[in-house]
Amino acid sequence: MSTATATAPFDLVLGDARGDQSGEVQRPRKVRAVEGVGDRIFTVVTRISGFLVLVIVGAIGVFLTTAAMPALRKAGFAFLTTQAWQPDIGRFGIAGVLVDTILIAVIAVIVATPISILAALFITEICPERMRRLFVTLVDLMAAVPSVVYAIFGLFYFQGALVPVARFLATWFSWIPLFHVPGVDVSNPNTGGTPFSASTFVVAILVAIMIVPIQTAIMRESFRLAPLGEREGAYALGSTRWGMIRSVVLPFGRGGMIGGTMLALGRALGETIVVYLIISPVFTVNWHVLATGGNSISALIALNNGEASPFGRAALMAAGLALFATTLVINFIAAAIVSRSRSGAESDV
Amino acid sequence: MSDRAVALHAVAASAPAVAPVQRPRPRVGFDASSWQDLVGALVAGVSGAALLLVFAPLGITFGKLSGGIGVAIIAYLIFVVVYGAVTWLRSDGVGVANALFTVLSTSAAVLVVTALVSIVGWTLWKGHAALVHSNFYTQDMAKAGPNSNLKVGGMAHALVGTVWMISIALVISAPLGLVTAVYLSETKSRFSRMVRTLVDAMTALPTILAGLFIYAFWILELGNEQSGLAAALALSIMMLPYIVRSADLVLRLVPGNLREASAALGAPRWRTTRTVVLPTARSGLATSVILGIARGIGEASPVLLTAGFSTFMNTNPTKGPMVSLPILALNLIGSPNNNLKARGFATAAFLLLVVLVLFVSARLIAGRSAGEVSPRKRSQLMRASARDAQRIADSQQMATAVAAEATP
């Protein structure tokens, strides 16, 4: 405990003050805190609630594993390599769905990260003081908008607006394998929007809109904590605002930037409702992100849980377990990076 | 570095007569003429995109990048390039980088706000058709067939379901979350750091896993049926980390010297927490709970697996399927019928309004940071303090009077 380290030097000083000149080795008095009954209850109750959080996360892992066991035992290692989802005839695996999930998440993060960094820098560095609170509130509000609303907006409005962009990319950049739309004459103006809708691209852009506020909030916090002295130092050396940001704010906020991005990646991996409502599900890897068809593990679970047989349900649990493990690893890495950086919890001055 | 210094020295020594031409540093920064640059570049961007649009049918297409977003992207690209070029005329690379950064950063913020406004505006506009009918708030969908108009049927059953689920979830997650936050902020040990990391990781855990866990544990393992209670359990798992995280942040803002003052007065830790820490952070804690509610209310995926679906009113959370607002919206949106769809839009719009109200109230409550008080409260506190001072002075006076009487 911190009290012990705080009192030790204090006691040594007391020893000196007593004027003990005998040359004996001075030992600090043993510090013993007598906890009252109230404090003992307080300690126990709070520690139990902290422990409960641990238990909940542990229980999620344990129960998902137990429920997934029948499927995992039957499929074995093939669960990680099969690109199909027909558990009732024994052909199922998450290889395709997992890659599609990662595709959505990675595209979303690639789109969202520059916007988030710039928006966070606007809020901390450019925005006038009196408007800062407004922008912070708006960004936080955007994070609180229900995902159902994003999904409905995406399905009925945003998808239609995005199709021309997808068509443009497919026309000019089809030499990049990712942007190739097979089996469609993209240059034919009479081709409708259908080949470009319900695609990984559309979903990823929507997920990007959803994770921008989360990323912006974390980055804003870490940028805000960049020390004033170093900022002023940069200005005093004749730096422009961008020069100051590049040499002070960005290096200082690197931990927050990486951590916020990884948290957003975790969120993007788990986003359910947008994928559920918009995408037309496939179970193989669809590298052609502009073309119809994609999937994510959470959408797979949401779409199939209703009419699954008991064994099919076990297979879905196994998919959930894979998602759990993936996001937990990413989140732990993110949390470690955020707390190791200078902008972490320790710098509360 | 030293090579260069030597070289400079050599140059200076070899040509002492020629004074270096002093040139003013190119201007960097934003002033009145920069506004002209900005407006000019904007006009150039918009008119450039318009020009491309006009010529597009004549054969000079630009890859059929049509539609609002495409035109906006083209206009924006032209704007950025023109603005950079115009700035280049009067400044050097450093200045151009600075100007471009300012423009890009501002436009990112504008983009975010535009996205928010258009999502909120579009949803409310689509939803208003059914929102204006009073039966929408008082009836369920049991009597409303696919063809009944908007004057029949509504979302009352989902409203009741959501209220039940959120209340139960709140009863579980608010106390647990607040106590955990107290644990995290009042103790510093290896274990509490671990719990904090875990809570952070839990915040980003896919919400569907909360539903899947309750499904595996509560429904498959314990043999309960799909119900509002099961959904509430899933929601409470999902809301818990949000409440813990934001409450912990608020509690850490409580100044340490308040805690130390309390401890120095001899208060045990629980009393310090109860009478100093928690009251100081009260508004922030309320905010954290409200934000937790706002999160939970809009979340569909945990409920999707655990609550089942019904078209009729069910007021018993422990028995039978129960539907919540997001689930009803999802379900109605999926139907091909326009009236049902309109109700779906309205449900989503209503949900959005509820979240907006919760969010604004949370901001109003959290208007001040820990320890800051309103003018009225401040004068109240000062009056109380003056009363205390008077009381102490009185008792001291009395004590001296008694002492004087005792020693004649």
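The values are calculated or read from the model by the stated rules, or taken from the named source; none is laboratory data. Predicted model, so just to flag it, every value in this text is computed and none were measured. Ideal geometry is used to build each Cβ from the backbone, glycine not excepted, and the neighbour counts take in all protein chains shown.
Looking at (1) assigned to a loop (DSSP other than H, G, I, E, B); (2) at pLDDT 85 or above, which is the only condition A:Ile214 fails?
(1)
Of the conditions (1) touching a residue at least 60 places away in the same chain (Cβ under 8 Å); (2) within 8 Å of chain A (Cβ to nearest Cβ), B:Leu178 fails just one. Which one is it?
Among (1) touching a residue at least 60 places away in the same chain (Cβ under 8 Å); (2) within 8 Å of chain A (Cβ to nearest Cβ), the lone unmet condition for B:Leu178 is (2).
Note down all Cβ pairs under 7 Å where the first residue falls in the range B:94-109 and is modelled with pLDDT of 90 or more, the second is of a type in the set (Gly, Ala, Ser) and crowded, with 19+ Cβ neighbours inside 10 Å, and they're at least six residues apart or on different chains.
Short answer, once both residue conditions are applied: B:Ala108/A:Ala119; B:Ala109/A:Ala119.
Just checking, which of A:Gly183, A:Gly154 is of a type in the set (Gly, Ala, Ser) and surrounded by fewer than 16 Cβ atoms within 10 Å (Cβ to Cβ)?
Sole residue among the options that is of a type in the set (Gly, Ala, Ser) and surrounded by fewer than 16 Cβ atoms within 10 Å (Cβ to Cβ): A:Gly183.
Go through the range A:270-285 and count every residue that is crowded, with 22+ Cβ neighbours inside 10 Å and either away from chain B (no Cβ under 13 Å) or within 17 Å of A:Val109 (Cα to Cα) (or both).
Total satisfying the criteria: 6.
Taking the options B:Ala247, B:Ala204, B:Ala234, name whichever one is under 25 Å from B:Ser310 (Cβ atoms) and either touching a Phe, Trp or Tyr at 6+ places or on another chain (Cβ under 7 Å) or surrounded by 18 or more Cβ atoms within 10 Å (Cβ to Cβ) (or both).
The match here is B:Ala234.
Could you list, in sequence order, the residues of the range B:248-290 that are within 30 Å of B:Leu209 (Cα to Cα) and within 12 Å of chain A (Cβ to nearest Cβ)?
Those that are within 30 Å of B:Leu209 (Cα to Cα) and within 12 Å of chain A (Cβ to nearest Cβ): B:Asp248, B:Leu249, B:Leu251, B:Arg252, B:Thr287, B:Ile290.
Here is a yes/no grid of residues against (1) more than 9 Å from chain A (Cβ to nearest Cβ); (2) touching a Phe, Trp or Tyr at 6+ places or on another chain (Cβ under 8 Å):
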{"residue": "B:Asn316", "(1), (2)": "yes, no"}
{"residue": "B:Gly320", "(1), (2)": "yes, no"}
{"residue": "B:Val323", "(1), (2)": "yes, yes"}
{"residue": "B:Gly344", "(1), (2)": "no, no"}
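Within the range A:36-50, identify whether any single residue is facing another protein chain (nearest Cβ under 10 Å), at pLDDT below 85 and assigned to a loop (DSSP other than H, G, I, E, B), and answer yes or no.
yes
Looking only at helices (runs of 4 or more DSSP H) that lie completely in the range A:232-349, which have at least 3 residues being small (Gly, Ala, Ser) and touching a strand residue (DSSP E or B) at 6+ places or on another chain (Cβ under 9 Å)?
Helices (runs of 4 or more DSSP H) meeting the threshold: A:310-340.
Is at least one residue of the range B:172-187 at pLDDT 90 or above, more than 30 Å from A:Ile333 (Cα to Cα) and surrounded by fewer than 19 Cβ atoms within 10 Å (Cβ to Cβ)?
Within the range B:172-187, not a single residue is at pLDDT 90 or above, more than 30 Å from A:Ile333 (Cα to Cα) and surrounded by fewer than 19 Cβ atoms within 10 Å (Cβ to Cβ).
Being within 7 Å of chain B (Cβ to nearest Cβ) and in a helix (DSSP H, G or I) is the requirement here; does A:Val148 meet it?
For A:Val148, the condition - within 7 Å of chain B (Cβ to nearest Cβ) and in a helix (DSSP H, G or I) - is met.
Would you be able to tell me the number of residues in the range A:232-255 that are over 27 Å from the mean Cα position of the chain (by Cα), more than 14 Å from A:Thr124 (Cβ to Cβ) and buried (at least 16 other Cβ atoms within 10 Å of the Cβ)?
So the answer is 4.
Please go through the range B:83-94 and pick out each residue that is surrounded by fewer than 20 Cβ atoms within 10 Å (Cβ to Cβ) and either within 7 Å of another protein chain (Cβ to nearest Cβ) or closer than 30 Å to A:Leu138 by Cα (or both).
Correct list: B:Gly84, B:Val94.
Go through the range B:219-269 and give me each residue that's on the phi > 0 side of the Ramachandran plot and in a helix (DSSP H, G or I).
Once the filter is applied, which keeps residues that are on the phi > 0 side of the Ramachandran plot and in a helix (DSSP H, G or I), the range B:219-269 yields nothing.
Given the conditions (1) crowded, with 18+ Cβ neighbours inside 10 Å; (2) of a type in the set (Val, Ile, Thr); (3) more than 7 Å from every other protein chain (Cβ to nearest Cβ), and given that A:Ile102 satisfies all but one, which numbered condition is not satisfied?
(1)
Filter the range A:164-179 for residues that are facing another protein chain (nearest Cβ under 10 Å) and under 19 Å from A:Leu103 (Cβ atoms) and give the result.
Hits for the range A:164-179 are A:Val165, A:Leu169, A:Ala170, A:Phe173.
Might you check whether a residue that is under 26 Å from B:Asp248 (Cβ atoms), within 10 Å of another protein chain (Cβ to nearest Cβ) and modelled with pLDDT of 80 or more occurs anywhere in the range A:2-16?
No, the conditions are met nowhere in the range A:2-16.
Please work out if B:Trp164 is more than 8 Å from chain A (Cβ to nearest Cβ), over 25 Å from the mean Cα position of the chain (by Cα), of a type in the set (A, V, I, L, M, F, W, C) and part of a helix (DSSP H, G or I).
no
Test B:Val182 against the criterion of being within 30 Å of A:Met262 (Cβ to Cβ) and within 21 Å of the chain's Cα centre (by Cα), and give yes or no.
So B:Val182 does not fit the description; no.
If A:Arg132 meets every condition in (1) over 18 Å from A:Val275 (Cα atoms); (2) at the interface with another protein chain (Cβ under 7 Å from one of its Cβ atoms); (3) not β-branched (Val, Ile, Thr) apart from one, which number is that one?
So the condition that A:Arg132 fails would be (2).
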